[in-house]
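Below: the structure, in structure tokens.
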Amino acid sequence: MTLVIIGVTACSDRSEDGKPEVLSASQVCDGTLDKAAATALKRLGSTNRFTELQGTKPSGTPYKFSLELAAKTVHEMRTEKNACVIYKADGKNDFPLLDINFQARKGHPDFAKQAKAGDSGEMFFPLGLFASAQGENGTSLYFACPTEGPDGKTPYVRAEMYSGRGQVNPDGKGRMTVLNAVSRALAKELGCADQAKLPAKVPDALAATG
């Protein structure tokens with residue numbers, strides 16, 4: 001599975017006084033991380049001090065993540081979607097620690113085919129309809145969630161999380177724990193929590209099928 005890491009520099013993330021708000025792990029992504037996910041994020045980043053994108057896009061929509069805005073933009077193109085982009089607060093790197101976004105989809109990967117063709121470092125989890133952590137950088141989760149937008153009705157939502165190489169500790173389950181927590185909150189916001197089948201606790205990865 002090919003991943004495209006989208007770098008977002010932090011130069012436009014500053015508040016007017018040049019000092020972005022420092023957040024704890026439990027405060028990022030509109031407070032959607034539960035205790036397990038917050039612990040996983042602290043472990044992934046080796047810190048409990050984070051910042052998020054601030055300011056507004058050229059279109060006037062805010063960069064800062066909110067569940068309400070993420071739900072409203074789930075059918076939008078990448079540039080207009082509301083993503084949760086997390087940085088370490090140490091200011092030593094302009095690339096995000098994690099970049100989480102959601103997209104309404106008409107289909108989802110076939111687990112059996114993907115597991116058979118998966119890379120040796122890919123981990124698959126029994127979550128939603130399809131969930132995998134690829135190497136050290138990519139994490140994806142598809143879940144049932146009917147929505148309607150300009151492109152018509154779609155039955156699924158894809159959650160994706162990227163990180164720059166070397167930005168996070170190599171912990172596939174930890175990354176999935178973070179992504180699952182934000183996805184659970186979005187599913188509730190969209191009114192599809194029961195259909196999404198995203199448990200509060202992320203189970204262990206499935207054994208490799210070879």
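The values are calculated or read from the model by the stated rules, or taken from the named source; none is laboratory data. Just so it is clear, the structure is predicted and the values come from calculations on it, not from any experiment. Cβ placement follows ideal geometry from the backbone for every residue including glycine, while neighbour counts extend to all protein chains displayed.
Worth a mention:
- Looking only at residues of region 38-61 that are basic (Lys, Arg) and surrounded by 14 or more Cβ atoms within 10 Å (Cβ to Cβ), we find that the one that is farthest from VAL202 (Cα to Cα) is ARG49.
- Lone qualifier among ASN137, ASN169 - being surrounded by fewer than 24 Cβ atoms within 10 Å (Cβ to Cβ), modelled with pLDDT under 95, of a type outside the set (A, V, I, L, M, F, W, C) and within 13 Å of the chain's Cα centre (by Cα): ASN137
- Any hit, region 85-97, residues being at pLDDT 95 or above and surrounded by fewer than 20 Cβ atoms within 10 Å (Cβ to Cβ): no
- The set of residues in region 106-134 being modelled with pLDDT of 85 or more and either under 14 Å from ALA187 (Cβ atoms) or among the polar types (S, T, N, Q) (or both) consists of LEU127, GLY128, LEU129, ALA131, SER132, GLN134.
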